[in-house]
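Take a look at the structure set out below.
The values are calculated or read from the model by the stated rules, or taken from the named source; none is laboratory data. Computed from a predicted model, the values in this text were never measured in an experiment. Using ideal geometry, Cβ is built from the backbone for each residue, glycine included, and neighbour counts are taken over all protein chains shown. Accessible surface areas use protein heavy atoms only, side chains included; no ligands, DNA or RNA. Shrake-Rupley method; radii C 1.70, N 1.55, O 1.52, S 1.80 Å.
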Amino acid sequence: MPVLLCDLDDTLFDHEGATRDALEHLRGGYQVLTQWSLDELDQRHRVLLEAIHLDVLNGRLTIDEARRERFGRLLTQAGLDDPAATATLAAAYREAYASNWQPVPGAIEFLRAVRAAGYAIVIVTNNGVAEQQLKLARCGFDVLVDAMVTSEEAGVSKPARGIFEQALARAGSTPGDAVMLGDAWHADVEGARASGVAPVWFNRARRPSPDPTVTELVSLAPAAEALAVVTQAALAQRNAS
């Protein structure tokens, strides 16, 4: 059976949109954050998130601890060293972030089309089990995917070969029958290629491609067109095997 390995955050789940909405909400209630534009606040937060999330993946911090660390550093950049304010801000961010969870446009219809075409669907994600299961349920993905492999349970993170091998094992498939769809070039594209899986780069922001030979998808809608891109990558993989 063909299998679609699929990233979750910013591929199916609109993490970027939920984050930006939450930061905009915080700027409305916390004067200290208005010294930056929303774009600059978003960029500063993104840099901290990516750096500190590595400690989550390595087991050094829980998600909640990482969030407090992130906002503590952000407030320090804003000229405020206040542990109580850090805790309040981190809690307010989490509440606002979780209230804005949405699928990436077209994600539900795309998954339905993929399933109808006979693919198994396995989520491969660098995050904790509980957080990602909650996203699947809240966005309605849970009834459309066959399995999920998280870095927490796998013991390794993308781009490591081991997490892709565990995902393929869940689907009872082989690299030659699989396609990996994801937005992160290093984790998803390079990780898939190193594992013998055909990558499809989800490039919603239309960034320049580091390698134009890699199949690219800029939108999950219309579903039929997105499915055609995945199918083409799968066929090319089989022909090359």
Problem set entry | Length-normalised contact order for the range 48-124 - Cα pairs under 8 Å, 6+ apart - percent | 18
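Per-residue ellipticity at 222 nm for the chain, helices alone: DSSP H runs ≥ 4 residues times -39500 (n - 2.57), over residue total, nearest 500 deg cm²/dmol?
-16000 deg cm²/dmol
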Exercise. Once both axes come from the Cα atoms, what is the angle between helix 223-240 and the longest principal axis of the chain, in degrees from 0 to 90, rounded to 10?
Worked result: 60
Seminar exercise, completed: per DSSP, antiparallel bridges as share of beta bridges in the range 1-148, % nearest 5, sits at 10
For this session: Could you calculate the FRET efficiency of Leu235 with Ala91 from 1/(1 + (r/R0)^6), where r is the beta carbon distance between them and R0 is 51 Å, rounded to 0.05?
Result: 0.55
For this session: At 1.4 Å probe size, with every protein chain present, just tell me what the per residue accessible area of the chain comes to in Å².
Result: 46
Exercise. Got a number for carbon plus sulfur as a percent of the range 164-241's accessible area, 1.4 Å probe?
Worked result: 55
Problem set entry | Residue among Leu74, Ala85, Ala51 farthest towards the positive dipole end of the range 39-87, charges placed on Cβ | Ala51
Exercise. Could you give the angle, 0 to 90 degrees to the nearest 10, between helix 38-57's Cα long axis and the longest principal axis of the Cα atoms of the chain?
Worked result: 70
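Mind putting a number on the dipole of the chain about its Cα centre? Charges go on the C-beta only, +1 for Lys and Arg and -1 for Asp and Glu, and I need it in Debye to the nearest 20.
It comes to approximately 260 debye.
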Exercise. When only C-alpha pairs under 8 Å and at least 6 residues apart count, what is the relative contact order of the range 84-184, in percent?
Worked result: 24
For this session: Would you mind telling me the share, in percent, of accessible area of the range 3-52 contributed by carbon and sulfur at probe 1.4 angstrom?
Result: 44
Problem set entry | Positive-end extreme of charge dipole, the chain - chosen from Ala22, Phe110, Ala171 (charges on Cβ) | Ala171
Problem set entry | With Cα atoms, 0 to 90° folded angle of helix 83-98 axis to the chain main axis | 40
Problem set entry | Nitroxide proxy distance, nm - points 7 Å out along Cα→Cβ at Glu225 and Ile63 | 3.3
For this session: Report the relative contact order of the chain, percent, no decimals, based on alpha-carbon pairs under 8 angstrom and at least 6 residues apart.
Result: 23
